[in-house]
């Protein structure tokens, strides 16, 4: 935890705890944002649902960014459908991992340059030895994102041939993106 | 007679960077060369990795803005704008109109400043030393204005979630109007000196060609993608702030070579300046911060927002758990993605071209490594 | 041959004077270049050390001399330290035969032009050795680039010197200058001057031909591992060579100390006239440096072998015909101007015009985004948060 802002630190309960369990000692109770799609988002969501069909586990979205959650094993298939299907998501705009402590969530933001739509694919991975199929055969952009995610979160990407550290140096131990990684007391290199 | 094939020739591994004058910071690439020909490129990054994204998880939303200043340190205000927009989405506030105008004016000015820096350093990469002086002279004027408005020349920390820190000074509008005239002259000067210079054309036309589909697959954005003929500009395709109320043009290239990438930036400078003029014409009076004090504690949820940075599509993915600190901040750094295409562009060119291609991508290492 | 003591002493004094003149010229060039480029680039240039920054080169020299002289551990010491001398010596030896005015010369030779050509090519050896002995990849790349570049550009420069020799009927610098008493050779063969200047730039490695020590590519090329005094020697040799191109141009094309006055001026005025012309050429070189980017090595070679060498042979033949059939001198002028126009047209057709078209097309074909009408401002008054109150809220 930061030492710079003691007031804020005291106000904020320890992160990583589930929102519902937060003691509401300071400030208003935690509100969970209502996810509402706008018109454009609704259209995209409908198109996405028809493209992915049964692969979708659940879905929602905010503004014009609909998201769907798929099974980690089927993410590659879902991404391929998004790329080649009518929805035409030809760009892997962003890829990230979120460490929810009990699980790691992979988030893929796909973008279509032809009709300017965004969709977000999510897949949950176990916190222990997370692995998900590589998307390098679909988008070249995935190569570096996956190496970065491997560095910071320890997610494995079977299918990506080059998994050497990208942002960290060779031989770095640990995964600094994880919530469990200490923010101080690390070794200076 | 001996022929070349009878000799055993070994390809040379040439290490370029992290302390090479043409790698714009601490980028390092290992070139596999056969004489002057580049066979393969292995980029290495991470020398400037500061863990910005992880650091942002322990800062309050307001403090994260200062981190974003340091991500792309050439276009600070564009970066602030990107985060502030994501923050506004997650906090469900909207900045007042005047604040939006101020932000857009400053962001566009910063785009011009960034492009001027690109033009100068690109010329240096190619061995011309005069444009960098012209470019920096104009950039200096812009930074003087920034200092006047925000109090700092580079790390401004000026934008806020829900508005801007302080209203602009009284002489802002006339100052900017005068500045636009001066900067436009400077840009024209660089344009005349460099754009159709014979040697410059020889060095950049047909060099580092990447076609549209490959560029999209590599995740290239910004002028680097538009050079390949893909008209993707976040300002146009996913309008934000007050961009819908402005008339502007998005120049698109055809060949996807270094010259296209360079020249589109030159044209964008003119467009940005005309956008700022329109902003000044429409510049409204009014508040500069959204109402409400408790904007520091957003509802739990997640948002993705992106905006057009001088280098491309700068995305911010914010995950909130309902506390006053973001649970996860992910930056989509355009330079990082543009670099993915470097190897594709460089293979088969000359060593000198490798420098020209790297320069044409206009990378900022603070953003690549974060 | 009898060499008396007084001869030896005279020669020593002359050589010492020569060395100092050349070094001073080089140092003045350093100052001139920085000030001149500063003017081109809208900045003052060095102006702190001495009046107008005149002592800046001296300060730089002192700094360089006092720096530690580092040699890489894996370098070949003997060659590594010999290389700067091999570059430096030819640069100075060519001065032996340059007349700065009539009789202001160390040794006037009948074969002065030949002597210059023979000596000046030697510096290639030094550059290649520097690249080789440094045991650095950048240095070896630079050394090879230097070898390829300098050898290629020797040919046009020698052909131009030959043409001058033909026109003036002598290889003696004084006679070459005398032949230009009324009409300088630049008026007779303008193309020869252009080729000479281009090839000269390449010979001394000035922009746009500074390829073998390109800062942004091979980081100094053969000089990358040198520091302190040894690097200073390379640096000095480079500027001396630049000035040599200036002097040579003035002697061969601009009429030396005679044109435009015809008769000989007093010696001091002659030297001043020649120097003025030499500095004029040097300023052109600096101007080019302030304008052009650097070429690529393959473009450089193509330029030598596809343009300069064929053109210089054509010009050589033209000059030969002019002498053989005793045409008036302006025939050669017209011929060489015609030949000069050809590459300019071809090159602009090939490169500049398509780029201009493309630039116009990009500006015209840009996607136009039309503004939407701005909604009327909201009537309700939002509570205004003043900047001061806001400062602590986030």
Checklist outcome for this item: Stokes-Einstein D for segment C:21-66 (37 °C, 0.692 mPa s, Kirkwood Rh from Cα pairs), in µm²/s, comes to 304 µm²/s
Checklist outcome for this item: Largest first and rounded to whole Å, the semi-axes √(5λ) derived from the alpha carbon gyration tensor of segment A:43-174 read 26, 16, 12
Next on the checklist: Order these by the 10 Å Cβ neighbour count, fewest first: A:146, B:80, B:36.
Outcome noted: B:36, A:146, B:80
Next on the checklist: With only alpha-carbon atoms in the gyration tensor, what are the semi-axes of the equivalent ellipsoid for segment B:48-200, in Å, largest first?
Outcome noted: 31, 20, 11
Next on the checklist: Rg and Dmax in Å for chain C, alpha carbons only: what are they?
Outcome noted: 26.8, 110
Item to check | D_trans [Stokes-Einstein, Kirkwood Rh over alpha-carbon pairs] for segment C:22-96, 25 °C, 0.890 mPa s, µm² s⁻¹ | outcome: 166 µm²/s
Checklist entry - What would the Debye formula give as log10 I(q)/I(0) at q = 0.09, 0.12 Å⁻¹ for the alpha-carbon point model of chain B, no solvent? => result -0.51, -0.87
Checklist entry - For segment B:112-178, what ratio Rg/Rh do Cα atoms give with a Kirkwood hydrodynamic radius? => result 1.09
Next on the checklist: Which residue fluctuates most in the GNM of chain C (Cα springs below 10 Å): C:182, C:159, C:333?
Outcome noted: C:182
Checklist entry - What is the distance, in nm, between label points placed 7 Å from the Cα along the Cα-to-Cβ direction at residue C:104 and at residue C:151? => result 3.9 nm
Checklist entry - Quick one, what does Rg over Rh come out to for segment B:147-235 if you take C-alpha atoms and the Kirkwood Rh? => result 1.12
Checklist outcome for this item: With -39,500 (n - 2.57) per DSSP H segment of 4 or more residues and division by the full residue count of chain B, the 222 nm estimate, nearest 500 deg cm²/dmol, is -14500 deg cm²/dmol
Checklist entry - Rg and Dmax of segment B:78-121 over Cα atoms: what are they, in angstrom? => result 12.8, 41
Item to check | Compactness of segment C:222-281 as Cα Rg over 2.2 N^0.38 Å, two decimals | outcome: 1.51
Checklist entry - Any idea how far apart residue C:70 and residue C:329 come out in nm if each label point goes 7 Å out from Cα toward Cβ? => result 5.6 nm
Next on the checklist: If I model a spin label as a point 7 Å beyond the Cα along the Cα-Cβ vector, how far apart are those points for residue B:37 and residue A:128 in nm?
Outcome noted: 5.3 nm
Next on the checklist: Whole angstrom only: what separates the Cα centroid of segment B:293-370 from the Cα centroid of segment C:341-367?
Outcome noted: 35 Å
Checklist entry - Based on the alpha-carbon gyration tensor of segment B:215-370 and its eigenvalue square roots a ≥ b ≥ c, which shape applies: rounded if a/c is under 1.5, prolate if not and a/b is larger than b/c, or oblate? => result oblate
Item to check | Relative contact order (%) - segment B:77-154, alpha-carbon pairs under 8 angstrom, separation at least six | outcome: 23 percent
Item to check | FRET efficiency, 1/(1 + (r/R0)^6) with R0 35 Å, evaluated for residue B:211 and residue A:169 via beta carbons | outcome: 0.50
Next on the checklist: Taking 8 Å as the Cα distance limit and 6 or more residues as the minimum spacing, I'd like the relative contact order of segment B:1-147 as a percentage.
Outcome noted: 12 percent
Checklist entry - Mind listing P(r) for the protein assembly as shown? All alpha-carbon pairs, 20 Å bins, whole percents. => result 13, 38, 30, 15, 4, 0
Item to check | Rg and Dmax [Cα atoms of segment B:1-131; Å; Rg one decimal, Dmax integer] | outcome: 22.1, 80
Checklist entry - In peptide C:50-59, how many Cβ atoms from other protein chains are near each Cβ within 10 Å, on average? => result 0
Item to check | Choice from B:246, B:339, B:77 with maximal GNM fluctuation in chain B (Cα, 10 Å cutoff) | outcome: B:246
Checklist entry - For segment C:1-136, which semi-axes, largest first and in whole Å, follow from the square roots of 5 times the eigenvalues of its Cα gyration tensor? => result 30, 25, 16
Checklist entry - What order do you get for A:114, C:4 when you list them from fewest to most C-beta neighbours inside 10 Å? => result C:4, A:114
Next on the checklist: With n ≥ 4 as the cut-off for DSSP H runs, can you work out [θ] at 222 nm for chain C, using -39500 (n - 2.57) per run divided by the number of residues, rounded to the nearest 500?
Outcome noted: -21000 deg cm²/dmol
Item to check | Estimated FRET transfer efficiency when R0 is 41 angstrom, pair residue C:14-residue C:48 (beta carbons, to 0.05) | outcome: 0.70
Next on the checklist: Given contacts defined as C-alpha pairs under 8 Å and at least six residues apart, what's the relative contact order of chain B, whole-number percent?
Outcome noted: 26 percent
Next on the checklist: If R₀ is 60 angstrom, what is the calculated FRET efficiency for the pair residue A:80 and residue C:298, using the beta carbon separation as r and rounding to 0.05?
Outcome noted: 0.90
Checklist outcome for this item: The Cα radius of gyration of segment B:197-298, divided by 2.2 N^0.38 Å with N its residue count, comes to 1.43
Checklist entry - So how much slack lies between residue B:154 and residue B:281, counting 0.36 nm per residue of separation and subtracting their Cα-Cα distance, in nm? => result 43.1 nm
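Readers should treat all values here as calculations from the given coordinates under stated rules, not as data from a laboratory. Bear in mind the structure is a predicted one, so any value in this text is a computation, not a measurement. Using ideal geometry, Cβ is built from the backbone for each residue, glycine included, and neighbour counts are taken over all protein chains shown.
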